[in-house]
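Just below is one structure, and these are the notes that go with it.
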Amino acid sequence: MAASAKSPVARKRGLTARERDEAITGYLFLSPYLLVTAIFTVGIIAFALYISFTSYNLFQAPQFNGLENYQKALTDTNGFIRSLVNIFWYVITVVPFQTAAALMLALILNRKIRGQQFFRTIFYGPSVTSSIVISAIFLWLYLKTGYVNFMFDRIFGLFGADWSAIEWLNDPRGLFQLIANAFGGDIPSNLWYLRGPSITWMAIMFMNIFTTAPTFMIMYLAALQDVPPTLYEAASIDGADGRQAFWNVTLPMLRPVTLLIVVLGTIGAFQVFDQVQFLTAGGPLNTTLTPVYLIYGEALGRIGGGSIIRMGYASAMAFLLAIIIFIFTLIQRRYIESGTEQY
Amino acid sequence: MAATSYQPSARFLFWDVTLQQRKILLRGTITLVTLLLLAIYLMPLGYGAVTSLKSKQQVADPTAPILPAEAARYEYEGREYDVYQVPTEDGIQQWALVNKGRESSEFVDPANPEAGLVEWQGRWRTLEPARSLDFQWNNYPRAWETIDFLRLMLNTLMYALTTMVGAVVSSAFVAYGFARFRFPGKGLLFMVLMGTIILPPAVTLVPTYAFFTYIGWTGTWLPLIVPQFFANAYNVFLLRQYFLTIPNEMEEAAAIDGAGPLRTFISVILPQAVPALTAVSLFHFFFAWNDFFGPLIYLAGNPDWYPISVGLTFFNGLYSSEPQLILAAAIITLLPPLVIFFLAQRVFMQGVVVTGVDK
């Protein structure tokens, strides 16, 4: 099989009979994908692009309206623009924290400790449970009378301070706004984009870091198995202590998987939906509105109470989001490609 | 031992310790840190589990203890009285408060009711009520019945199993095609496939939804199940990685024995790939069990077909005054994947390592 394909002479002449057979067999194995996924996906994307330039409500034929949807999306400061600002805070917070937490967990669970397997299994637990179940549990933890406030109250009590309970899932105050408040100032609502992520948004971020960190921990654990022990031996012969070995051996060796985790984490973070749908529906004051939540709402007519289906508008927002994700991924891929062939 | 009795010693906190001891200490410290981390990590789940066993009254009472408990009561001469923790000369006693007074009250000792009423000096309002552990196990059957769990579970299980088989089988074929054969356009096709991982589902949501509405599939399971039978990018990627590690010689030997590609794939490659296939199957099962976005959209308005994730959302909306029931429902929901994961974790972890990557 391989012999003829490797011959450069045969290549130049076009396909030999053998190569043709191999190609046909290959295509046959690929047929489930070629038949539907490839054609369907490409077709679907073309259709999406088309309706993003139209006004379309599913029941009447699409009406071409040029760039109106895109223009509307990019000027809607209470909708799409706001969701982009929110998702920006979310991505730049969640991705670094979940990556760091995943690495930390993996390093600890990679040590030879009693019950290593047991610990790995337990920590991975939240990854196999649904976002909805986790949200349902955190919903009660985050109540004004809930456990989180209770804990803060106890901790503050230790230092003789008072903790005023926060309604975690219904508090639109932004991070920078709180800092400004602490110095006696405020940030007016027309400068909402300077207020930073709201308390509610940060509460959701924390919850999601909690659930996704162990998912990525597994990837780090797998990658740690691949670090050749000889490298550590060499490092210790050169007189490196544990910390130096970590910075100069472990971290560089984990670079490919780190970048993979960052890329997958970013793609996932941009599309956060379940928790918003379950816990806040975009509120309070639109501070947890996300692009996917908006797209879902507009496409199925679940926004604004009027149940108006705006497929064209939803599609335009989806494309803008895809472009943003694509740009982010491209930037990250430039780093990935320097140093990884295996992924 | 005599020859090697010298061991470098170091000061560890306050003690001079040998290297050996230091290693043990270090290992102990790491285990301790891990346990601590674990405790923090399990707190939300633990809280959910504990709250699911409380009574409605206790959930609503902010001063109630953390564990499920009921205020203890004692029946004395035909009437029920609250039991308090009363400090006495013989230590703290659990006495029932019969006659309340400002500066002194009369109690009865449930352990010794014949002694009659005992006068106690002090303000009864400062006393802690005595509580006894009381798990409301029947929150679980109540949640089970209220939400019609059996149907939700069966719907979810049907969805998870069908798509698991479809997605893994079809993906294995495609992955093998990419791993072993040379054909024109292979690079491009693989790139398109990988591109679908990056592509936000939201982008395809609008046209896919429009398409499925057009052919009349919305409101049924079809839009969720049928596409899974045509391979998905993640599974193909993972399985291809694994197939690439299987040496070519196996297939060459099979080919010499006269086996065709399909036969070789089924009887040589697939048995070799069991760890990877298991891992991918489990990934898919967990994904499908927890899937929320797809069913929410395509099954809208058809509560009979809801899977558990969507069912739980509606339950949450209807019973927001009974968190203990919602949490019981949440715990029931997370049990099946957790149990499967615990049972299969050895295979699963092995699979994660062999495929190199997970979802």
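The values are calculated or read from the model by the stated rules, or taken from the named source; none is laboratory data. Keep in mind it's a predicted model, so treat the numbers as computed, not measured. Glycine gets a Cβ as well: all are built from the backbone with ideal geometry, and neighbour counts include every protein chain shown. SASA here: full protein model, heavy atoms, side chains in, ligands and nucleic acids out. Shrake-Rupley method; radii C 1.70, N 1.55, O 1.52, S 1.80 Å.
Protein heavy-atom surface of segment A:78-342, 1.4 angstrom probe: 62% of the accessible area is carbon and sulfur, with nucleic acids and ligands not counted. For B:Ser104, the residues whose amide H sits under 5 Å from its own are B:Gly122, ignoring neighbours fewer than 5 places away on the same chain, with H placed 1.01 Å from N. Applying both filters, DSSP loop and at most 12 other Cβ atoms within 10 Å, to the trypsin sites (Lys or Arg not before Pro) of segment A:58-117 gives A:Lys112, A:Arg114. Once the gyration tensor of the Cα atoms in segment A:163-306 is diagonalised, the equivalent ellipsoid follows with semi-axes of 42, 22, 12 Å, ordered largest first.
Amide H contacts of B:Ala69: B:Ser55, B:Asp134, each under 5 Å away and 5 or more positions distant or on a separate chain (H built 1.01 Å from N in the peptide plane; Pro and chain starts excluded).
Under the simplified labelling scheme, the B:Leu117-B:Ser320 pair shows an inter-label distance of 4.8 nm, with each label point 7 Å from Cα along Cα→Cβ. Loop sites by DSSP among the GluC sites (Glu not before Pro) of chain B, restricted to those with at most 10 other Cβ atoms within 10 angstrom, leave B:104-359 as the longest stretch without any of them. Distance distribution P(r), segment B:260-359, all Cα-Cα pairs, bin width 5 angstrom from 0: 2, 11, 16, 15, 15, 12, 11, 8, 5, 2, 1, 1, 0 percent.
The length gained on full extension between A:Phe326 and A:Leu178, counted as 0.36 nm times the residue separation minus their Cα-Cα distance, comes to 49.9 nm.
At the listed q of 0.12 Å⁻¹, the Debye profile of the protein assembly as shown, built from one uniform point per Cα, gives log10 I(q)/I(0) equal to -1.45. Legend: helices of chain A (whole DSSP H runs) are marked when their alpha-carbon atoms reach 30 angstrom or more along the helix axis and their mean Kyte-Doolittle hydropathy is at least 0.0; marked are A:80-110, A:199-225, A:311-337.
With a 10 Å cut-off between alpha carbons and a GNM built on chain A, which of A:Ile187, A:Ile199, A:Ile39 moves the most? Ranking A:Ile187, A:Ile199, A:Ile39 by mean-square fluctuation puts A:Ile39 first. Applying 1/(1 + (r/R0)^6) with R0 = 56 Å to the Cβ-Cβ distance of B:Ala300 and A:Thr230 gives a FRET efficiency near 0.45.
Note: relative contact order over segment B:140-352, using C-alpha pairs below 8 Å and six or more positions apart, is 35 percent.
Remark: relative contact order (segment A:201-343) = 20 percent; criterion is Cα-Cα distance under 8 angstrom and separation of 6 or more residues.
The long axis of helix B:186-198 is offset from the longest Cα principal axis of chain B by roughly 20 degrees. Taking a point 7 Å out from the Cα of B:Glu70 in the direction of its Cβ, the residues of segment B:308-336 whose backbone N falls within less than 17 Å of it are B:324-325.
The mean accessible area for residues of the protein assembly as shown, using a 1.4 Å probe and ignoring ligands and nucleic acids, is 50 Å² per residue.
From the Kirkwood radius over Cα pairs of chain B, Stokes-Einstein at 25 °C and 0.890 mPa s returns a whole-number translational diffusion coefficient of 92 µm²/s.
Taking R0 as 60 Å, what FRET efficiency do you get between B:Met43 and B:Ala255 from their Cβ-Cβ distance, rounded to the nearest 0.05? Between B:Met43 and B:Ala255 the formula returns 0.55. With the simple spin-label model, which puts each label point 7 Å out from Cα in the Cβ direction, the B:Val347 to B:Asn248 separation comes to 3.2 nm. Quick one: angle between helix B:201-214 and the longest Cα principal axis of chain B, in degrees between 0 and 90, rounded to 10, please. Tilt of helix B:201-214: around 80 degrees. Toward the positive end of the charge dipole of the protein assembly as shown, with +1 on the Cβ of Lys and Arg and -1 on the Cβ of Asp and Glu, the farthest Cα among B:Leu222, B:Leu277, A:Leu34 is that of A:Leu34.
Take every Cα pair under 8 Å whose residues are at least 6 apart in sequence, average their separation, divide by the length of chain A, and the relative contact order is 25 percent. For B:Asp148, the accessible area of its heavy atoms, probed at 1.4 Å with every protein chain present, is near 60 square angstrom. Solvent-accessible area lost on pairing B with A (1.4 Å probe, both sides summed) amounts to about 8000 Å².
Dividing the convex hull volume of the alpha-carbon atoms in segment B:69-133 by its residue count gives 85 Å³ per residue. Counting lysine pairs in the protein assembly as shown that sit 8 or more residues apart in sequence, or on different chains, and whose Cα atoms lie under 28 Å apart gives 8. What a 1.4 Å probe finds exposed on chain B is 63% carbon and sulfur by accessible area, rounded to a whole percent.
Based on alpha-carbon centroids, what's the gap between segment B:117-131 and segment A:44-90 in Å, whole number please? Rounded to whole Å, the Cα centres lie 68 Å apart. Let's test the formula: R0 of 35 Å, r as the Cβ-Cβ distance of A:Leu35 and A:Leu67. What FRET efficiency results, to the nearest 0.05? Result of the calculation: an efficiency of 0.50. Here segment A:24-73 yields Rg over Rh of 1.25, to two decimals, using C-alpha coordinates and the Kirkwood radius. Three semi-axes describe the equivalent ellipsoid of segment B:140-352; taken as square roots of 5 times the Cα gyration tensor eigenvalues and ordered largest first, they are 38, 21, 13 Å. In chain B, the longest principal axis of the Cα atoms and the axis of helix B:233-245 are about 70 degrees apart. Taking square-rooted eigenvalues a ≥ b ≥ c of the alpha carbon gyration tensor, is chain A rounded, prolate or oblate, where a/c under 1.5 means rounded and, failing that, a/b exceeding b/c means prolate? Oblate shape, in that a/c is at least 1.5 and b/c is the bigger or equal ratio.
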